[in-house]
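Enquirer: Take a look at this one; I'll ask things after.
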Amino acid sequence: EIMNTDEFYNAVLQLIKICGQLIKERTSSRNKKVETKSGAIDFVTETDQEVEKLLIEGLSMAFPDHKFIGEESVAGGLQCNLTDAPTWIIDPVDGTMNFVHSFPHSCISIALFINKLPEIGIVYNPMLEQLFSARKGKGAYLNGKKINVSDANTLADSLIMMEFGTTREEERRRVILENQQKLMPQVHGLRALGSAALNMAMVACGAADAYFEFGIHIWDIAAGELLITEAGGVVIDPAGGDVDRLSRRVLGASSKKLADELAKQLVQIYPERD
Ligand code: LIP
C-alpha cells in the first residue's frame, strides 16, 4: 500500500536545502569547532549540532506528533527508541571527518520511518550538489533523475564500498584489515567515501556494487536503505538474513546473489546494539 507522504517530503526538502547551504559554506573553513565523541577519531562539530537542531525544530513545528532519532541528540543522552509513530531518523552531517578536513564527501542523511519501516529517504551532498531521494514504492532519484543499481551479481565483477571505521580499537582494526585482505584478490576494487550514507547512495546509483559496515548506527543507514531498495537492490544483515536496523551492522548490494556471496566471505563483528 502506498502512503501519501507528499507533505512530509516537501517540508523536509525545503529544510534540507537551507541546512545544505550551511554545510557547504562552512566546509572550507579552517577553524571549525571540533570535539571528540566516542574516541580520538570520532568527531562532532558545531555544524552537526546546529543542522540537527534546525531539522528537528522545523519538522516538529510542521508535524507536532512526529518523533525523532538524531545522531547528536542521542550523543547528548536521548534514547534511540524506534516506535510505530512517524519518526525522522537524522544524521545532520554524515562523514563528519570529511567535513572537518574539507574533503567534499559529506551529506545530510534523513529518513522518515512509519510503523518502523522507511517511507522517505534523502541523502544530500551540498558540496557536489547531489540530492539522492527515495520514497517507498516510487523509485530512487539523483537530482530528479531515476537511478538504478548496477547489474553486477558476482563478487568478481564488483566494486565494493567499505570503511576504515572511527575507532583505533585493536580488535576492530584487525577485523577491518582482515576483510580487506580477504576481499582484495577477489573483487575489482575496494573504495571508502567516509560516509555510510554516501556509500549506500553509490550502490543505489550503480556507481558501486555493494557496501558493508560494522559499527554504524541507524541514522547512518536509514535513508541509504530506501535508496538501495527503491533502486532495485537489497539491504541485509552482513551475515545473511534480514537487516536489523539497531544492530549496528549492514550490507547493501545490487542483487541478493551478490549480497549473499559477500556475506559468506566476511569476518563478522557484533557490536553492542543501539
Ligand atoms: C560515520 C559513517 C562512516 C562510518 C563511521 C561513522 P558520522 O558517520 O558514515 O561510514 O565509518 O562509523 O558512523 O559520524 O560522520 O555521522
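Enquirer: Starting from segment 1-63, pick out the GluC sites (Glu not before Pro) whose DSSP state is loop and whose Cβ has at most 13 other Cβ atoms within 10 Å.
Expert: 1
Enquirer: What order do you get for 56, 89, 228 when you list them from fewest to most C-beta neighbours inside 10 Å?
Expert: Sorted ascending by nearby Cβ count, the order is 56, 89, 228.
Enquirer: Given segment 155-265, report the % of alpha carbon pairs whose separation exceeds 24 Å.
Expert: Tail fraction, whole percent: 13.
Enquirer: Mean residue ellipticity at 222 nm from the helices of the chain, using -39,500 (n - 2.57) per DSSP H segment of n ≥ 4 over the full residue count, to the nearest 500 deg cm²/dmol?
Expert: Rounded to the nearest 500, the figure is -10500 deg cm²/dmol.
Enquirer: Rounded if a/c is under 1.5, else prolate if a/b beats b/c, else oblate: with a ≥ b ≥ c from the C-alpha gyration tensor eigenvalues square-rooted, which is segment 30-182?
Expert: oblate
Enquirer: Mind jotting down the distance between the C-alpha centroids of segment 123-161 and segment 196-274, whole Å?
Expert: Spelled out, the Cα-based centre of one part sits 13 Å from the other.
Enquirer: A further question on this structure: Quantify how much of the Cα-Cα distance distribution of segment 39-109 extends past 17 Å, in percent.
Expert: Everything past 17 Å amounts to 45 percent.
Enquirer: Straight-line reach only, C-alpha to C-alpha below 25 angstrom: list the lysines that residue 53 could link to, leaving out same-chain residues fewer than 8 apart.
Expert: 17, 24, 32, 33, 37, 67, 116
Enquirer: Please pull out the direction-averaged projected area of the chain, using the convex hull of its alpha-carbon atoms, in nm² to one decimal place.
Expert: Result: 13.2 nm².
Enquirer: At most 13 other Cβ atoms within 10 Å plus a DSSP loop assignment makes a site exposed; report the longest stretch of the chain without any exposed trypsin sites (Lys or Arg not before Pro).
Expert: Result for the longest clean stretch: 169-272.
Enquirer: Counting only complete DSSP H runs, which helices of the chain cover 15 Å or more along their long axis at the Cα atoms and score a mean Kyte-Doolittle of 0.5 or above?
Expert: Length and hydropathy pass: 218-230.
Enquirer: Under a 5 Å amide H to amide H cut-off, with H placed in plane at 1.01 Å, what residues pair with residue 147 once short-range neighbours are removed?
Expert: Amide H neighbours of residue 147: 140, 141, 142.
Here, each number is a calculation from the coordinates, and none is a lab measurement. None of the values given here were measured: they were computed from a predicted structure. All Cβ positions, even for glycine, are placed from backbone atoms using ideal geometry, and neighbour counts span all protein chains on display.
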